[in-house]
Amino acid sequence: MSWSLSRFAPPHPELLDALFLAVGRALHLANAYESKCQYVLRVGNMVTASAADPVLTLDELIAATPADKMLGGTLHSLANHPMGVTMDIDTLHKAREARNFIAHEGASIGYIWSARLEPILQHAVKLRAAVADLAAGDNLISQWCHGLEEPHASQPTDWIAPYPDLVDTWVFEDLLALLPEPAQEQTE
């Protein structure tokens with residue numbers, strides 16, 4: 001093993017730049033997803049604590065709220081929370097797995113000075129599948145955030161429906177011409 005950077009120029013610098021831009025954008029969405037899940041659980045816990053003891057002050061309410069957990073623990077707690085019954089926990093868990101792939105393997109293509117076209121594109125296809133799963137979970141938890149932040153406003157259905165495609169375009173805009181169309185789920 002030697003250094004991650006090399007004196008040798010990478011064989012596909014523009015492609016690598018586009019991939020690393022996509023990974024960075026995907027990581028931004030992954031971090032935001034985790035924060036939103038923690039936020040929804042935190043608010044849910046505060047509502048539960050307030051219902052159990054309506055005379056709690058705000059400071060007491062905050063102190064009674066459990067500390068944030070890592071994403072897996074957060075989703076487990078959401079699934080067991082009364083509001084979790086109405087959530088699509090499977091979609092949220094798939095988004096967690098996608099978040100972990102993006103965070104831990106999103107840029108794992110080996111040494112950039114020896115990266116070849118086909119393995120880079122194969123990795124980008126895996127990344128794209130992870131981003132699709134992340135976008136589905138982010139779309140779901142974002143609707144919860146919107147409901148908590150704007151309780152009297154209706155959900156923006158004109159934004160919700162195209163959101164996964166908007167994420168795909170934003171993350172992969174510099175790679176779209178090189179990637180195959182994502183496989184559509186078969187409906188019976």
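The values are calculated or read from the model by the stated rules, or taken from the named source; none is laboratory data. Being a predicted model, the structure only gives us computed values, none of them experimental. Positions of Cβ are backbone-derived with ideal geometry, glycine not excepted, and every protein chain shown enters the neighbour counts.
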Exercise. Do the conditions hold for PRO54, that is, is it more than 24 Å from ASN139 (Cα to Cα), outside any helix (DSSP H, G or I) and modelled with pLDDT under 85?
Worked result: no
Seminar exercise, completed: Matching residues in region 133-157 (in contact (Cβ under 8 Å) with a residue 12 or more places away in the chain and out of contact with any Pro (no Cβ under 8 Å at 6 or more places or on another chain)) number 12
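Could you name every one of the helices (runs of 4 or more DSSP H) located completely within region 87-176 that has at least 3 residues being among the basic types (Lys, Arg) and buried (at least 16 other Cβ atoms within 10 Å of the Cβ)?
In region 87-176, 89-105 are the helices (runs of 4 or more DSSP H) which contain 3 or more residues that are among the basic types (Lys, Arg) and buried (at least 16 other Cβ atoms within 10 Å of the Cβ).
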